[in-house]
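Asks: My structure is below; once you've seen it, I'll send some questions.
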Amino acid sequence: MTRPSIGVAVIGAGMAGRAHCAGYRTAPTLFDPPLPPIRYVAVVDANEAVAQDAATRYGYDRAGTDWHELLDDDTVDVVSVVVANHLHREVVEALLAAGKHVLCEKPLANSMADAEAMVAAAAAHPGQVTGTGFVYRRQPAVAATKELLAERLGAVSHFNGRYWCDYAASPLTPMSWRYQGGPGTGALADIGSHLIDLSEFLCGPVVSVGGAAFATMVTERAEALGTTYGHARAELSDVVHPVENDDVATFTASFASGAVGTFSASRVAPGLANSLAFDIMAQRGSVRWDMDRPAEFSVLSDLVGDGYDGSRTVLAGPAHPYIRGGLPMDFPGCSYGVSDLFGYQARAFLEQVAGIEGLPPVAPFADGLRDLQIIDAVARSAAAGGATVTLPEHPGH
Ligand SMILES: NC(=O)c1ccc[n+]([C@@H]2O[C@H](COP(=O)([O-])OP(=O)(O)OC[C@H]3O[C@@H](n4cnc5c(N)ncnc54)[C@H](O)[C@@H]3O)[C@@H](O)[C@H]2O)c1
């Protein structure tokens, strides 16, 4: 039987938008069974040159500047929403009302209220697939860690995670949407959102957070003179705005399992471009992983107690999730990078749309709201001098 083709579009062609454009291109080359034919319909970005450039590079039929044009376009079935967080709700609600399947970037929204409305909108359209882009769940070494914890290492006692970046370390990085919004919408929501999601992915639900503290080191930034996206430097204008949110966020957490967690997120960590890392201590061993060396993880297991126990370095390879069939050369030691994960995510979403069982599904909007519940609780802890804040139940459970 020939499956009907699927038309895709991407809204926002900045840093992550390009990863989505490329991910949909890669998706049909990965794993089995084959996906239905994918049509690459449109890339939309408010900046015409950016949209056109991405459409040309990634082979999409047309470029546009107004996402509303996708709503009545029957050739578009699947849309990735990859614009600034405060724009997600409006775009997602309109796309769902227009009958589209929607993959939205993390954090799901800039506020809990927006995220709750988006979860409700998804529930009102049960025939359409929705998902939140927690792409790091698809790091092969992270997925392997989840298996190791479940199968060999026993109960977790301590998750210690950090996401340290340096994109905001320089005061010369221009003002952007990333520096606007209330406490918790800065480093915590931008990169801490990934870390929080991974902690629950690996260790189960968080029941409370506490000890939170925020710091803002660069208190004002100048607007760029020309076009800029992502974290790119640009010539600066004289127009300066206050930075409204956190450069650094730290907190602790307790998990329902009895484990405890220590977390930190920073966007002002010099020399650390994209350093997402964790140590997990469990009953019968431990795991250490750092995205600086994404295909390498340290594992301590099967303790003998003869004086020679110690961590060993394991290279993620075809024995681990995502690699076999997930790389053009799926051979041991060939490794992978973040861009590969966007291919896995796009493939998973397209599988869901096509009704194919294969990769783990994309995290539902409820997981995006859950992430924001924890971010909100951390912000309330920080506002209350580090007080303990109890989490509500996961909205999807
Ligand atoms: N999963 C990840 O690893 C990851 C990485 C980076 C960013 N993100 C997320 O992706 C989203 C976008 O982040 P980014 O870093 O790509 O941002 P960005 O600033 O680089 O790009 C955003 C793009 O949106 C365009 N835009 C602005 N308003 C628009 C509108 N109304 N319609 C269409 N386009 C519009 C801008 O011109 C810009 O090109 C955010 O939610 C962010 O948190 C996720």
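Asks: Of all residues being within 12 Å of the ligand (Cβ to nearest atom) and among the aromatic types (Phe, Trp, Tyr) in the range 133-192, which is surrounded by the most Cβ atoms within 10 Å (Cβ to Cβ)? Just the residue, please.
Replies: Per the criteria, the residue is Tyr163.
Asks: Identify, please: which residue in the range 225-237 is among the polar types (S, T, N, Q) and within 16 Å of the ligand (Cβ to nearest atom) and is, among those, surrounded by the most Cβ atoms within 10 Å (Cβ to Cβ)?
Replies: Thr228
Asks: Suppose the filter is outside any strand (DSSP E or B) and farther than 27 Å from Ala113 by Cα; does Pro183 pass it?
Replies: It is false that Pro183 is outside any strand (DSSP E or B) and farther than 27 Å from Ala113 by Cα.
Asks: Still on this structure, I have one more. Can you tell me which residue within the range 335-356, out of those that are surrounded by 15 or more Cβ atoms within 10 Å (Cβ to Cβ) and more than 21 Å from the chain's Cα centre (by Cα), is farthest from Cys104 (Cα to Cα)?
Replies: Restricting to residues being surrounded by 15 or more Cβ atoms within 10 Å (Cβ to Cβ) and more than 21 Å from the chain's Cα centre (by Cα), the top hit is Ile356.
Asks: Take the conditions farther than 19 Å from Ser381 by Cα, part of a loop (DSSP other than H, G, I, E, B), modelled with pLDDT under 90 and over 26 Å from the mean Cα position of the chain (by Cα) and apply them to Gly226. Does it pass?
Replies: Here the answer is yes, as Gly226 does meet what is asked.
Asks: Which ones in the range 193-223 are assigned to a strand (DSSP E or B), more than 16 Å from the ligand (Cβ to nearest atom) and not acidic (Asp, Glu)?
Replies: Those that are assigned to a strand (DSSP E or B), more than 16 Å from the ligand (Cβ to nearest atom) and not acidic (Asp, Glu): Val206, Val207, Ser208, Val209, Gly210, Gly211, Ala212, Ala213, Phe214, Ala215, Ala222.
Asks: Now a separate question. So in the range 1-15, with the set limited to residues that are surrounded by fewer than 20 Cβ atoms within 10 Å (Cβ to Cβ) and of a type in the set (A, V, I, L, M, F, W, C), which one is farthest from the ligand (Cβ to nearest atom)?
Replies: Of everything passing the filter in the range 1-15, Met1 is farthest from the ligand (Cβ to nearest atom).
Asks: Please work out if Val102 is farther than 21 Å from Ile196 by Cα and assigned to a strand (DSSP E or B).
Replies: yes
Asks: For the range 16-65, enumerate the residues that are more than 10 Å from the ligand (Cβ to nearest atom), of a type in the set (Lys, Arg) and either under 19 Å from Leu103 (Cβ atoms) or touching a residue at least 60 places away in the same chain (Cβ under 8 Å) (or both).
Replies: Correct list: Arg25, Arg39.
Asks: Yes or no: the range 238-256 includes at least one residue that is surrounded by fewer than 16 Cβ atoms within 10 Å (Cβ to Cβ), of a type in the set (S, T, N, Q) and either in contact (Cβ under 8 Å) with a residue 40 or more places away in the chain or part of a strand (DSSP E or B) (or both).
Replies: No, the range 238-256 has no match at all.
Asks: Out of the residues in the range 79-99 that are within 11 Å of the ligand (Cβ to nearest atom) and assigned to a loop (DSSP other than H, G, I, E, B), state the one that is surrounded by the fewest Cβ atoms within 10 Å (Cβ to Cβ).
Replies: Checking each candidate, the answer is Ala84.
Asks: Name the residues in the range 106-117 that are surrounded by fewer than 24 Cβ atoms within 10 Å (Cβ to Cβ) and touching a helix residue (DSSP H, G or I) at 6+ places or on another chain (Cβ under 8 Å), would you?
Replies: Asn110, Ser111, Met112, Asp114, Glu116, Ala117
Asks: Filtering the range 292-309 down to residues that are in contact (Cβ under 8 Å) with a residue 24 or more places away in the chain and not aromatic (Phe, Trp, Tyr), which residue is surrounded by the fewest Cβ atoms within 10 Å (Cβ to Cβ)?
Replies: Taking the candidates together, the pick is Asp302.
Asks: On to the next question. I need the full set of residues from the range 32-45 which are within 22 Å of the chain's Cα centre (by Cα) and not in a strand (DSSP E or B), in order please.
Replies: The answer is Asp45, and nothing else.
The values are calculated or read from the model by the stated rules, or taken from the named source; none is laboratory data. Because the structure is a prediction, the values reported are computed rather than measured. Heads up, the Cβs are rebuilt from the backbone with ideal geometry, glycines too, and the neighbour counts pull from every protein chain shown.
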